[in-house]
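Taking it in order: structure first as structure tokens, then the write-up.
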Amino acid sequence: MSELVYEHGVTKLISLLLLIFTASLLVILTAVPSSIFQREVENEVKSLSKLINVTQWIEVTDKVNVNYSEKYIETGMQSAVEETLLPSGNYKIKKIIENFKGDFVLNRVVNNLHILAYQLTYRISILSFWFLLLIPYFIAVIYDGYTQRRIRLYEPKQVSIKGSRVWTRSIVYIIVLAFSYLVIPNFLGVTFAAWFPLLMLMLVGYACKKTIENYMKVA
């Protein structure tokens, strides 16, 4: 783990995540029509019904709606976004945008921020849903990795340093992948949207297993 921090650095990782978020936000707010963005999010939510039964799907979507209402609407974030970007007064930033592109750009930005907040709420909720279902899988693969490492401790050859580095670095890549999933819109199809969080979590479990299994015997 010390190698992980040394090579990639917390600051570098945070900077990369901020860059991904900023780039995604700029594209969403300025280049994606609200109708298209909303349709993509709706299709993504509907696609989940192909993997789970109706009862589970209703429970998940109801939870998303409750969380969105409690965390975004009732806390005042929604109204704060609208008051900030659609001020009633003669604010300088509003006048600049109106003169450059017209008032509709501000409306698109506000609408897309609302949709983005819902997308983020949904994706966090679905990751939590799959994670709870996959707890037995995580326990099994982590225990298997620990068992394999114990066996290798008694082997004459050392655990591959190269293999250890590959799987340790994979933790950073998975963090970046997970963060990207949360903030980047889905333009890769409904089927991909439905399977991606499940496959990503399974990959997390496998990477944890291999990291433990290939952890170097030499400190």
Taking a crude spin-label model, label points 7 Å out from Cα along the C-beta direction, the I58 to L203 distance in nm is 3.4 nm
Violations at 27 Å Cα threshold for listed pairs K12/K63; K12/K209; K12/K210 -> K12/K63
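Read-outs: derived from the displayed coordinates by stated rules, not from any lab. What you see is a predicted model, and the numbers here were worked out from it, not measured in a lab. Cβ: placed from backbone, ideal geometry, glycine included. Neighbour counts: every protein chain shown.
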